[in-house]
Amino acid sequence: MKDCFKVHCVICDHQIQIELEPDEHFQIHHCPQHPDRVLVPFNENRNNRDYLLGIDLDQKYLLIDVLGKGQFAKVYYAIQKGAFQLMKPVAVKVLNEDRQELEKLFLDEAKIIAKLKSEHIVKYIDSGRDEKHKLCYIVMSLIEGETLSKALKRESQFHAADALHLIDQILIALEEAHELGIIHRDLKPSNLMLEIQDGKTVLKVLDFGVARPNANRQREETQGMIPGTPAYMAPELFKQYDGSVHPRLDLFSVGVILYQLICGYLPYQCEEGSDSIIAYYRLYHKKPKPLPLPKTVGGHVQQLIHQAIHIDPKKRIQSAKQFRQMLAEVLKVEMDQLHLQRLAQDRIDHQEITKKEDDLSPNVGDELLLVNETFFSKQRLIWLMTAGLIGALIGLGAHFLS
Ligand SMILES: Nc1ncnc2c1ncn2[C@@H]1O[C@H](COP(=O)(O)OP(=O)(O)O)[C@@H](O)[C@H]1O
Ligand SMILES: [Mg+2]
């Protein structure tokens, strides 16, 4: 059956109807008024147009649709043009036009993913700078699936056995990255994608945009900036952060994701319902205990999660390898129970979860933030001054009373 749909020019809205054969990915039709633009699928839901759609990046990649966007870049569904009219769908990440000063940092992501070979990490294809459009880009394999954040929104929570299998795939990716000294630093559900391959769910890690080698102090930090998404950032980043980058930072995020997959909510939540850096800074200073896990979660799984999200980095799981070993052990011990639970469709008590979500903010901050280190220094100074003032008042009081 032929696929029939409308394509248009994003500049002048010139439209035509096209028919695709089942094995055809795309047909190239140029706009008669704007010959350097290719007509792209018409999307009625998209109210704000993306004016890069239809351009031919470096005469090699046609930008056809938007797959996702972050703070500094956009990811496009694109067609890679090959010889003999070969057309291969790929994903192209393009640095925002107004953030070209980040070009070098942006291309570091290309260098990092080019080094990684794991089947659980998005594949690098190409990168470059299109001089005509003045755009910097990275070409990656197209993952035909959805982000874990989307799957989590739909499912609200995962069965423990499924969650553990997904986490194991993140850890396989991290084993390779950490071995090469690469720390991701922004692991969260929207930076993980699920693709069905031969009936199996394969997880892929993306967005190494703020990843850095653990050997060097990263550039942002020399400028006093720590990047991350507060809800998934290790507590030590909010405290006396010394700038060192360690695999434990990623393992904490993996623990939070595991907790979130099983429960549907986050382990540490700010009372004020805010997910800002300041709210997490205050929360972690109180040395919080994680929220209780549902009773249906087995003891071994509970223990694993608690060790993964331990506030104290020294008591946390230390390496991806150790995490994988512990996870395999848990799966072995609790296999029967997990299997029976799935058969019985023993879902986690929804009432308990809804109550918790009513009490605390359901809004998970999913935005990458750059934290200014001087913020922490200022906060520390305020604490010290307050403590000093209280001490002085007590001393004065004692002096007058005596
Ligand atoms: N290789 C890919 N295949 C399919 N979709 C992708 C791919 N890479 C990114 N995306 C989509 O684009 C979104 C943003 O990509 P990401 O690399 O996280 O960019 P940012 O650094 O702007 O957050 C992802 O959440 C995902 O939805
Ligand atoms: Mg991202």
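The values are calculated or read from the model by the stated rules, or taken from the named source; none is laboratory data. Since the model is a prediction, treat every value here as computed from it, not as a measurement. When we count neighbours, we look across all protein chains shown, and the Cβ atoms used for this are built from the backbone with ideal geometry, even at glycine.
Side notes on the structure shown:
- Residues within region 180-196 that are within 11 Å of ligand 2 (Cβ to nearest atom) and in contact with a Pro (Cβ under 8 Å, 6 or more places away or on another chain), tallied: 1
- Hits in region 197-211 - residues which are more than 16 Å from ligand 2 (Cβ to nearest atom) and not acidic (Asp, Glu): Gln197, Gly199, Lys200, Thr201, Val202
- Yes/no for Ser156 being in contact with an Asp or Glu (Cβ under 6 Å, 6 or more places away or on another chain) and either aromatic (Phe, Trp, Tyr) or away from ligand 2 (no atom under 15 Å from the Cβ) (or both): no
- Leading residue by the ranking (surrounded by the fewest Cβ atoms within 10 Å (Cβ to Cβ)) among those in region 202-217 that are in contact with a strand residue (DSSP E or B) (Cβ under 8 Å, 6 or more places away or on another chain) and at pLDDT below 95: Pro213
- Number of residues in region 181-201 that are away from ligand 1 (no atom under 14 Å from the Cβ) and either at pLDDT 95 or above or touching a strand residue (DSSP E or B) at 6+ places or on another chain (Cβ under 7 Å) (or both) equals 4.
- When Lys93, Lys123 are screened for being within 16 Å of ligand 2 (Cβ to nearest atom) and either surrounded by 14 or more Cβ atoms within 10 Å (Cβ to Cβ) or on the phi > 0 side of the Ramachandran plot (or both), only Lys93 passes.
- Members of region 73-102 that are over 30 Å from His29 (Cα atoms) and either at pLDDT 90 or above or within 13 Å of ligand 1 (Cβ to nearest atom) (or both): Arg99, Leu102
- Among the candidates Glu236, Glu220, Glu176, residue that is within 19 Å of Ala110 (Cα to Cα), in a helix (DSSP H, G or I) and at pLDDT below 95: Glu220
- Any hit, region 128-136, residues being assigned by TED's automatic domain parsing to the domain that holds Ala308 and either outside any helix (DSSP H, G or I) or among the acidic types (Asp, Glu) (or both): no
- Glu175 of a type in the set (Asp, Glu), out of contact with any Cys (no Cβ under 8 Å at 6 or more places or on another chain), in the same structural domain as Leu249 (by TED's automatic domain parsing) and within 21 Å of Ala234 (Cα to Cα): yes
- When residues in region 255-300 are screened for being surrounded by fewer than 15 Cβ atoms within 10 Å (Cβ to Cβ) and assigned to a helix (DSSP H, G or I), 2 of them pass.
- Cβ-Cβ distances below 8 Å connect the following pairs, each with a first residue in region 72-85 that is outside any strand (DSSP E or B), a second residue that is within 11 Å of ligand 2 (Cβ to nearest atom), and a separation of six or more residues or different chains: Phe72/Gly209.
- Flag if Ile113 is aliphatic (A, V, I, L, M) and assigned to a helix (DSSP H, G or I): yes
- The requirement of being more than 27 Å from Glu97 (Cα to Cα) and either under 16 Å from the mean Cα position of the chain (by Cα) or within 16 Å of ligand 2 (Cβ to nearest atom) (or both) is satisfied by Ala177.
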